[in-house]
Amino acid sequence: MIKCLIWDLDDTLWQGTLTENGHVELRPGIRETLLELDKRGVMQSICSRNEPERVNQKLIELRIDHYFLYPQFSKGSKVSCIQKIAKELNIGLDTVGFIDDNPYERYEVSLYVPEVYVYDADAAVRLPSLPEFHGSVSRTGAERRQLMMMRMERQLAEKRFSGSREEFLRSCEMELRLRSAKAEDVIRLVELASRTTQFNNLVQAPNLTEIQLYLQAERSQLYVAQLKDRFGNHGIVAMAMVLVHDVTAEIELFCISCRMEGRGIGTVFMEGILSRMYQDWPSLQRVMCRYRPNKRNRPTLLLLQSLGFNRILQTEEEWIFMLPLPYEYKGLSWIHLKMEGASIN
Amino acid sequence: MTEHTYAPDIPDTPDSLELEIRIMEIVSSLLGGAELSSTTCLLGHQGILDSVTTVALIAELEHKFGIDVGDEDLTLDNLSNVVRIAILLRNKLSEGETKA
């Protein structure tokens with residue numbers, strides 16, 4: 001599934017070359033394509049050799065400047081620009097699409113980063129109908145671009161900030177609200193699980209029916225957390241599916257949005273649910289969690305260990321971690337945890 | 001080739017100091033210029049790195065030193081502070097030397 005489409009500009013996004021006479025027009029159907037992809041939550045960016053100022057001016061003139069995140073302008077290889085965009089957006093290269101009219105550029109990209117989906121400029125208007133541009137979309141999904149804008153703003157604030165890291169994080173005024181999932185969250189949860197590969201213990205995504213069944217089952221609980229900070233409301237950013245067998249709880253699956261990296265959200269969320277599940281089921285003595293190693297989901301491995309989980313079993317495919325309960329919530333000074341329907345122990 | 005024999009048990013050889021400084025520089029740049037010492041707690045409770053940033057640090061170390069850090073190496077013990085990471089790094093570098 002493509003999370004970000006990277007556009008070339010001259011003779012791809014628009015007809016003509018900006019450097020020649022400055023007169024360019026959007027190619028037919030491009031405006032609709034930009035809008036449609038945006039609605040679906042596909043992020044869009046730019047990789048161009050043009051002058052950034054001239055491009056920005058033109059994008060504003062064409063009223064499409066708000067669509068593009070982390071645009072890159074470089075005289076060098078487009079490969080490094082694509083890598084940079086993927087890094088900034090924190091997504092894998094196999095979820096990136098690249099569209100360019102120049103066969104040389106397409107060749108170079110397919111050669112050096114074969115994971116990237118590469119398209120000829122002529123394919124632009126057909127892109128929304130291709131299967132790789134179809135993911136599940138929810139209300140929050142369509143707001144992804146705005147969220148990324150907030151993230152860019154946050155990163156900018158971070159660069160300007162001269163105090164300590166902790167002071168900076170405190171100044172973000174983060175509030176994480178932990179609660180049980182409701183029926184109306186289901187689509188967002190499917191989307192979160194399918195988009196999250198770094199912070200997903202099994203690197204798999206449950207489908208709609210599986211999540212719905214989970215909500216109805218008796219000895220199971222689906223916890224979610226919503227994040228709010230000074231940049232806005234980010235909606236649901238973390239989920240955990242917990243199954244209770246007698247005195248043992250199993251965190252069957254947990255995932256935390258990659259867009260929230262580097263802020264300690266994972267720690268506070270997991271500490272919160274560890275404390276919460278003991279309140280919900282006081283007879284619990286331990287919690288287990290499986291981890292399926294995959295270089296991408298390494299943050300999960302580190303998170304489990306930093307929470308105090310011990311590896312008790314290892315097979316070729318999976319590692320099994322265990323932590324005794326009760327768990328004492330310690331939290332982080334810069335994230336305020338609010339527990340809906342329970343207290344923080 | 002004595003100068004390339006890394007001794008994990010003696011943390012104060014010039015090699016380890018140099019490694020520690022380089023690691024500290026990487027950690028600091030990942031945190032937007034934060035100040036730290038070689039014993040500042042990085043990963044774990046009260047650690048200044050969260051798990052995602054730690055993974056970014058590992059990726060930087062793999063890239064800059066041409067080493068391969070496996071999942072097995074990613075323990076709290078190995079990553080708790082700069083001194084411990086330098087020891088892991090020296091072990092990895094000497095493994096590479098042995099193979100070569």
Using only Cα atoms, locate the centre of the stretch A:2-16 and the centre of the stretch A:205-280, then give the distance between them in Å, rounded to an integer. 37
Evaluate the relative contact order of chain A (contact order divided by residue number), counting alpha-carbon pairs under 8 angstrom at least 6 apart; express in whole percent. 14
Per-residue mean of C-beta atoms belonging to partner chains within 10 Å, peptide A:262-269: 4
In the stretch A:141-339, taking the dipole from +1 charges on Lys and Arg beta carbons and -1 charges on Asp and Glu beta carbons about the Cα centre, the listed residue (A:304, A:174, A:285) farthest towards the positive end is A:174
When the accessible area of each residue in the stretch B:59-77 is compared between its chain alone and the complete protein assembly (1.4 Å probe; ligands, DNA and RNA ignored), which residues differ by at least 40 Å², being lower in the assembly? B:71, B:72, B:74, B:76
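By per-residue mean of other Cβ atoms within 10 Å, what is the highest-first order of B:59-65, B:49-55?
B:49-55, B:59-65
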Under the Kirkwood approximation for Rh and a Cα-based Rg, what ratio Rg/Rh is obtained for the stretch A:141-339? 0.96
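What GluC sites (Glu not before Pro) in the stretch A:239-320 are in a loop by DSSP, with at most 11 other Cβ atoms within 10 Å of the Cβ? Working shown, then result.
On the way: sites: A:250, A:252, A:261, A:271, A:316, A:317, A:318; in loops: A:261, A:316, A:317, A:318.
Answer by residue number: A:316, A:317.
Using protein heavy atoms only (no ligands, DNA or RNA), what is the total accessible area buried between B and A, 1.4 Å probe, nearest 100 Å²?
Details: alone 6140 and 15880 Å², together 20220 Å².
For B against A, buried area totals roughly 1800 Å².
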How do A:2-14, A:319-331 rank on mean C-beta neighbours within 10 Å, highest first? A:2-14, A:319-331
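Across peptide B:40-53, how many C-beta atoms of other chains are within 10 Å of each residue C-beta, on average? Please list the in-between numbers first.
Numbers: counts 0, 0, 1, 4, 5, 8, 3, 4, 4, 5, 14, 18, 17, 6.
Per residue, the average neighbour count from other chains is 6.
Considering every Cα-Cα pair within the stretch B:16-94, what fraction, in whole percent, is farther apart than 18 Å?
Of all Cα-Cα pairs in the stretch B:16-94, 29 percent lie more than 18 Å apart.
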Carbon/sulfur fraction of accessible area - the stretch A:4-133, other protein chains in place, 1.4 Å, %: 51
Where q = 0.14, 0.21, 0.26 Å⁻¹, what log10 of I(q)/I(0) comes from the Debye formula for the stretch A:49-112, counting one point per Cα? -0.46, -1.00, -1.25
Using a simple spin-label model with points 7 Å from Cα along the Cα→Cβ vector, what separation in nm is obtained for residue A:65 and residue B:59? 3.0
What shape does the protein assembly as shown have by the C-alpha gyration tensor, where a ≥ b ≥ c are the square roots of the eigenvalues, rounded means a/c under 1.5, and otherwise prolate means a/b greater than b/c and oblate the rest? oblate
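Hey, what's the stretch B:16-94 come to in accessible area per residue, 1.4 Å probe, Å²?
In whole numbers, the stretch B:16-94 has 42 Å² accessible per residue.
How crowded by other chains is A:296-307, given as the mean number of beta carbons from other chains within 10 Å of each beta carbon? Write out the running numbers ahead of the final one.
On the way: counts 1, 2, 9, 8, 3, 6, 16, 5, 1, 8, 12, 4.
Rounded to a whole number, the mean comes out at 6.
Quick check: at a probe of 1.4 Å, how many percent of the accessible area of the stretch A:293-345 sits on carbon and sulfur atoms? Each step should come with its number before you reach the end.
On the way: 1330 of 2700 Å².
Here carbon and sulfur together make up 49 percent of the probe-accessible area.
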Can you pull the percent of the stretch B:16-94's accessible area that's carbon plus sulfur, 1.4 Å probe, other chains left in place? 51
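In deg cm²/dmol and to the nearest 500, what is the mean residue ellipticity at 222 nm of the protein assembly as shown if only DSSP H runs of at least 4 residues count, each as -39500 (n - 2.57), divided by the residue total?
On the way: 16 runs with 172 residues, N = 445.
Helices in the protein assembly as shown give a 222 nm mean residue ellipticity of -11500 deg cm²/dmol.
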Under the Karplus relation 6.51 cos²θ - 1.76 cosθ + 1.60, θ = phi - 60°, what is the ordered set of whole-Hz ³J(HN,Hα) values for the stretch A:25-42, x standing for Gly and Pro? 10, 4, 5, x, x, 5, 4, 5, 5, 4, 5, 5, 5, 4, 4, 7, x, 7
Rounded to the nearest 20 debye, what is the charge dipole size of the protein assembly as shown about its Cα centre when +1 sits on each Lys and Arg Cβ and -1 on each Asp and Glu Cβ? 1180
To the nearest Å², the heavy-atom accessible area per residue of the stretch A:177-316 with 1.4 Å probe amounts to 36
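Taking square-rooted eigenvalues a ≥ b ≥ c of the alpha carbon gyration tensor, is the stretch A:4-133 rounded, prolate or oblate, where a/c under 1.5 means rounded and, failing that, a/b exceeding b/c means prolate?
On the way: a/c = 1.41, a/b = 1.18, b/c = 1.20.
Since a/c stays below 1.5, the shape of the stretch A:4-133 is classed as rounded.
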Among A:39/A:228; A:39/A:338; A:39/A:84; A:58/A:295, the pairs whose Cα-Cα distance exceeds 29 Å are A:39/A:338; A:58/A:295
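The values are calculated or read from the model by the stated rules, or taken from the named source; none is laboratory data. Please read these numbers as outputs of a predicted model, since none were measured by experiment. Positions of Cβ are backbone-derived with ideal geometry, glycine not excepted, and every protein chain shown enters the neighbour counts. Protein only, heavy atoms only, side chains kept; ligands, DNA and RNA dropped before computing areas. Shrake-Rupley method; radii C 1.70, N 1.55, O 1.52, S 1.80 Å.
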